[in-house]
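Colleague: Sharing a structure with you now.
The values are calculated or read from the model by the stated rules, or taken from the named source; none is laboratory data. All of these numbers come straight from a predicted model, not from anything done at the bench. When we count neighbours, we look across all protein chains shown, and the Cβ atoms used for this are built from the backbone with ideal geometry, even at glycine.
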Amino acid sequence: MSRENALVNATWVEEHSNDPKVVLVEVDEDVSAYDRGHIAGAVRLDWKSELQDPVIRDFVNKEQFEKLLSEKGIANDDTVVLYGGNNNWFAAYAYWYFVLYGHEQVRLLDGGRKKWELDGRPLTAEVTPRPATSYSAAEARTDIRAFRDEVIAAIGSKNLVDVRSPEEFSGRLLAPAHLPQEQSQRAGHVPTAKNIPWARTANEDGTFKSNDALRTLYAEAGVDLTKDTIAYCRIGERSAHTWFALHELLDLANVKNYDGSWTEYGSLVGVPIEKGA
């Protein structure tokens, strides 16, 4: 993937506003944001109730994803443009799902809601339904998803990028400060991980930094981009944003998202954990 194929800007969205094969999809941490106003024609995806299995801790399986996208009116040959608030935080998480299940034409709206609103572009509360489709997903890819045993084996040999806040990385917090502090049994980080908070990849307006700036960011933190890289956070959504920056923008093939992240790792028995900066 390249930057040109992974991102679109607001002008592109407006130019394709009447294209029936372009589907805007809003994904927010606060799922009520869509009801207060969204880009005209956009459909909503609820990251928690629709993208995650309701019983086991895992993402929806192939059949569930097919049913979801069919009901949303998304076809296999549609170009899906994802966006959301807070620098496309959860939109990048949904993007990772679409790539995981083999959707070929998927993009992020650079800057998401933040830049759209900063530019004074219109939002609407009107919901535009789309006719149902018969979506067919591929088998879930394993080359962009890391599992706990792989993370443990990567200690000291691969890049481990902890994209949480410094407070979470050091072990002072278990979760972002605005969330309940009860997500895992232990605090800290995976040994040898580098702490590069996910939002450092974004500019003030929510757009992604240039590729040169991204390379500098990781190099200065001691990340060798020629090595295999695993990104993690608390539940896999912030690390999906970093995965996007590395895998899609910098076109690095050897990058995985550990979506089990600290919620899983911090509750495992006997695994190595470090605290402090």
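Colleague: Being modelled with pLDDT of 95 or more and either closer than 30 Å to LEU24 by Cβ or surrounded by fewer than 18 Cβ atoms within 10 Å (Cβ to Cβ) (or both) is the filter here, so list the residues in segment 166-188 that pass it.
Modeller: PRO166, GLU167, SER170
Colleague: I would also like to ask the following. Going through segment 228-272 one residue at a time, which ones are assigned to a helix (DSSP H, G or I), of a type in the set (Ser, Thr, Tyr) and in contact (Cβ under 8 Å) with a residue 60 or more places away in the chain?
Modeller: So the first thing to find is which residues in segment 228-272 are assigned to a helix (DSSP H, G or I), and the list is 237-249, 261-265.
With of a type in the set (Ser, Thr, Tyr) added as a condition, the list becomes 239, 242, 261, 263, 265.
Scanning segment 228-272 gives SER239, THR242, THR263, TYR265.
Colleague: Hey, any hits in segment 92-106 for a residue that's part of a helix (DSSP H, G or I) and β-branched (Val, Ile, Thr)?
Modeller: If we filter segment 92-106 for residues that are part of a helix (DSSP H, G or I), which is where we start, we get 92-100.
Filter once more, so that each one left must be β-branched (Val, Ile, Thr): 99.
Scanning segment 92-106 turns up at least one residue that is part of a helix (DSSP H, G or I) and β-branched (Val, Ile, Thr).
Colleague: Among the residues of segment 33-51, is any assigned to a loop (DSSP other than H, G, I, E, B) and under 25 Å from ALA253 (Cβ atoms)?
Modeller: Yes: one or more hits.
Colleague: Just to be sure I understand the filter: pairs with C-beta atoms under 9 Å, separated by 6 or more residues or on different chains, first member in segment 8-25 and acidic (Asp, Glu), second member part of a strand (DSSP E or B). Which pairs pass?
Modeller: ASP19/THR79
A quick yes/no check of all residues on (1) surrounded by 19 or more Cβ atoms within 10 Å (Cβ to Cβ); (2) within 13 Å of the chain's Cα centre (by Cα); (3) over 27 Å from THR11 (Cα atoms):
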{"position": "GLU204", "(1), (2), (3)": "no, no, no"}
{"position": "LYS209", "(1), (2), (3)": "no, no, no"}
{"position": "GLU220", "(1), (2), (3)": "no, no, yes"}
{"position": "ASP224", "(1), (2), (3)": "no, no, yes"}
{"position": "TRP262", "(1), (2), (3)": "yes, no, yes"}
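Colleague: Identify the single condition in (1) under 25 Å from ASP58 (Cα atoms); (2) surrounded by fewer than 20 Cβ atoms within 10 Å (Cβ to Cβ); (3) of a type outside the set (A, V, I, L, M) that ASN257 does not satisfy, given that it satisfies every other one.
Modeller: Here ASN257 clears every test but (2).
Colleague: Based on what the data block shows, is THR192 farther than 18 Å from VAL13 by Cα, of a type outside the set (Gly, Ala, Ser), modelled with pLDDT of 95 or more and outside any strand (DSSP E or B)?
Modeller: Here the answer is yes, as THR192 does meet what is asked.
Colleague: Scan LEU214, LEU225 and give me the residue that is farther than 27 Å from GLN52 by Cβ, assigned to a helix (DSSP H, G or I) and either of a type in the set (A, V, I, L, M) or in contact (Cβ under 8 Å) with a residue 24 or more places away in the chain (or both). It would help to see each step written out before you state the result.
Modeller: Working: LEU225 fails: assigned to a helix (DSSP H, G or I).
Every option except LEU214 fails the conditions.
Colleague: Mind checking which residues of segment 108-145 are in a helix (DSSP H, G or I) and touching a Leu at 6+ places or on another chain (Cβ under 9 Å)? Let's see the steps before the verdict.
Modeller: Within segment 108-145, the subset in a helix (DSSP H, G or I) is 112-118.
Scanning segment 108-145 gives GLY112, ARG113, LYS115, TRP116, GLU117.
Colleague: A further question on this structure: Counting just the residues of segment 129-140 that are modelled with pLDDT of 95 or more and surrounded by fewer than 15 Cβ atoms within 10 Å (Cβ to Cβ), which one comes out farthest from PHE98 (Cα to Cα)?
Modeller: Within segment 129-140, the match that is farthest from PHE98 (Cα to Cα) is PRO131.
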